[in-house]
Amino acid sequence: AQSLGALLNHPEHKKGTGDPFRLYMRSRVGFRVTIPGTYQSRFQSTYEMACFILRFRDHIIDFFHQIRACKSTHDLNHLEENVYNALHDGPTLSELATLAAYGTAVGRPYMLEVRANALVDMMSLGPLHDRVIELCDTISQCPELIAVEADDNGSPASLDWQPFDDPFLIPAIRELESKGLLPHLHVPMSAFFAGARDGWIQFAREFRDGGSIASATASQRATVFIPSTNDANEGLLGAYRVWKRLRPGMRLRFFNAAMVFGRNKVQSFL
C-alpha cells in the first residue's frame, strides 16, 4: 500500500506516475479517482489504500502493462516490479483484505464516533471501547462475519451496525476468493483481529473495571472534561500550513485574526 501510494500519489508531483494513472482511470471507469495519500501522517490512509487496491486491482495491473509497453527497455523499475508482483501475491492480497476489513468495520466507525460534531468527553468513552473489544473478539473467532450482508437490523460486523462505507469491498474480496488468490483469508483475518483485541484491551485499561476512569464517581467525572481528540491543536496547525502554502506572504497576525473572526462569531456580533 505504501509503495503503490509512492507511485500513484507522490507528494512531489514530478515524481511517480500519478497524473498518467488518473488519466488512465478516467478513460476506464469514467470518473476521476481519488488516490489515498499514504505519504501523509493521517489516520486511515493506509486502510483506504488497501480498499483502493482491492477495488481497482485489475485496472492497476493493466496500467503497469501499459507502462512497460511504453518504455524503450520494456521493463519496470524495481519499485514498479515489486508492486506488480505484490498484486499477484496471495499472502499480500490477504493482508490488504484484512487491513481493509478492519478499517471499514472498526477503524472508521470508531473515529466517526470519537470525532462527532458535538463535544465528546473522553471520560465517557468506556462503553465504546468495550464494544470495540467485543467486536474484535467476535470477528477473531468468526472471521466469516465480515462477509455477512447488512439486513434491516444493520451490519453485525460493523462497530456502528451501519452498512460498510465502501460498498465495493466485500464484492472485491469475493472476486479474489473466486480466483483462488485468497485461499486462507480466515487465518490472517482471525490473527489480526485477535491482536487488535489485545491491543485495545491494553489501550483502554483505564476504562475497564479497576481503571482510573472507570473507578471515578459520577461527581468526579462531572468536574472534568477531557476532549476525545487533540484536533483543537492539530487542526489549527494544519490550517496554518494550508493557509501559508496558499498565501506565502501572509503574516501570522492575519492568520490569527482570521481564525478568531471565524471561531468567535465576530461577524454575527457586528
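Remarks
- When segment 104-144 is limited to residues that are among the aliphatic types (A, V, I, L, M) and either closer than 21 Å to residue 218 by Cα or more than 20 Å from the chain's Cα centre (by Cα) (or both), the one that is modelled with the lowest pLDDT turns out to be 118.
- Condition broken by residue 62, with the remaining ones in (1) charged (D, E, K, R); (2) within 17 Å of residue 84 (Cβ to Cβ); (3) part of a loop (DSSP other than H, G, I, E, B) satisfied: (3)
- Test: residue in segment 42-63 that is without any contact (Cβ under 8 Å) to a residue 40 or more places away in the chain, within 21 Å of residue 177 (Cβ to Cβ), within 21 Å of the chain's Cα centre (by Cα) and buried (at least 18 other Cβ atoms within 10 Å of the Cβ): yes
- Top-ranked residue of segment 105-143 - restricted to ones that are acidic (Asp, Glu) and in a helix (DSSP H, G or I), ranked as farthest from residue 50 (Cα to Cα): 130
- Just one of the numbered conditions (1) crowded, with 21+ Cβ neighbours inside 10 Å; (2) within 26 Å of residue 179 (Cβ to Cβ) is not true of residue 109: (2).
- In segment 214-228, the count of residues that are closer than 19 Å to residue 130 by Cα, at pLDDT below 90 and of a type in the set (Phe, Trp, Tyr) is zero.
- Test: residue in segment 108-116 that is within 21 Å of residue 2 (Cα to Cα) and outside the structural domain of residue 45 (by TED's automatic domain parsing): yes
- Close pairs from segment 1-14: first within 10 Å of residue 36 (Cα to Cα), partner of a type in the set (Phe, Trp, Tyr), Cβ under 6 Å, at least 6 apart: 8/21
- Within segment 153-186, tally of residues that are touching a residue at least 12 places away in the same chain (Cβ under 8 Å) and outside any loop (DSSP other than H, G, I, E, B): 7
- Test: residue in segment 197-208 that is among the charged types (D, E, K, R), part of a loop (DSSP other than H, G, I, E, B), exposed (fewer than 14 other Cβ atoms within 10 Å of the Cβ) and over 22 Å from the mean Cα position of the chain (by Cα): no
- Going through (1) part of a loop (DSSP other than H, G, I, E, B); (2) touching a helix residue (DSSP H, G or I) at 6+ places or on another chain (Cβ under 7 Å); (3) surrounded by 13 or more Cβ atoms within 10 Å (Cβ to Cβ) one by one, residue 211 falls short only on (2).
The values are calculated or read from the model by the stated rules, or taken from the named source; none is laboratory data. Computed from a predicted structure; not experimentally measured. FYI the Cβ positions are ideal-geometry reconstructions off the backbone, even for glycines, and counts take in every protein chain you see.
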